[in-house]
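In what follows, a single structure is set out as structure tokens and then discussed.
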Amino acid sequence: MSFIDTQNEFMAHIRAPQKNQKPKGIEDRRMAIYRDLFFNNIAGFLSSGFPVLKTLYSQAQWDKLVRAFFSEHDCQSPYFLDIAGEFINYLSSGYIMQEYDYPFMLELAHYEWIELDVSVANEDTSELRLKSTELTSSALYLSSVARNLSYQYAVQHISTEYIPSTPSEQPNYFVVYRDDDDNVQFLATNAMTALLLSIIESNAGIEFESICQQVLVHAPNFSEQQIAQGALSTLNAMSERGIIVTKNQH
């Protein structure tokens, strides 16, 4: 057997020791050290990254979830910081829900992960803060360290004392962003703010007049003047926080 084959056998056993035998000639006591080390590292990252989600499971259920992720998901990044994001990818694609999982499982996990995502996001150095007088004449962008989000469940309230059985009547909207002191902030918003930010995010560099025209399509009951006034007020509040920016075009 080649060295690469031995390596593959070694890793297969560490990831799923119940399914894959350890390589021949290696003492089980030594293998146990590696099995525990690798698994406990992953378990530690997930426990610290998803503390609320973890409290909703028994220890056995949580260990089963961590083991499923560890054994089934092929991470695309070698960095520890990316483990939480890989866990989100696993829950949204490869994971088979268990009878004791909650329907809000993925949304809650995403809500807990997004703080890390924003805290380590690379800032676009070409981005510039906007003055209120520049909003109607500048190309507008969603900041590279801001995320426009909506959840069907009230994820911000979920705990062992509050476990919703059905989605909220209306979506729960948030902007998560990094402020000037590099602290991550969560800002509850509404449907109109979410729409404005979504239009800017989908049409990077869009200008104010075009934004208003797109909003008018979604909200035909409002006049152009009402939309322009509302959009200007909202975007001014977003630009003050650095959520909406423009860019240095040179």
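What follows is calculated from the coordinates using simple rules that are stated; it is not laboratory data. Note that the coordinates shown come from a computational prediction; the quantities given were computed from them, not determined experimentally. Here the Cβ is made from the backbone with ideal geometry for all residues, glycine too, and neighbour counts use every protein chain on show.
Say R0 is 25 Å: what FRET efficiency, to the nearest 0.05, do Glu134 and Asn221 get from their beta-carbon distance? Approximately 0.25, to the nearest 0.05. Return the tail of the calculated pair distribution for the stretch 123-250, meaning the percent of Cα-Cα pairs more than 17 Å apart. Summing the P(r) tail past 17 Å for the stretch 123-250 gives 59 percent. Peptides 135-148, 220-233 ranked from most to least packed by the mean count of surrounding Cβ atoms within 10 Å: 135-148, 220-233. Derived scalar couplings between HN and Hα for the stretch 207-220 equal 9, 4, 4, 5, 4, 4, 5, 5, 5, 4, 5, 7, 9, x Hz in order, rounded to whole Hz, by the Karplus curve 6.51 cos²θ - 1.76 cosθ + 1.60 (θ = phi - 60°), x for Gly and Pro. Maximal additional length on extending the Ser144-Ala68 stretch stands at 24.1 nm, based on 0.36 nm per residue less the C-alpha distance.
With the cut-off at under 18 Å, measuring from each backbone N in the stretch 135-160 to a point 7 Å along the Cα-to-Cβ line of Ala121 picks out 140-151.
Multiplying the residue separation of Gln229 and Ile163 by 0.36 nm and removing their Cα-Cα distance gives an extension gain of 19.9 nm.
The Gln76 and Ala191 beta-carbon pair, evaluated with R₀ = 41 Å, returns a calculated FRET efficiency of approximately 0.75.
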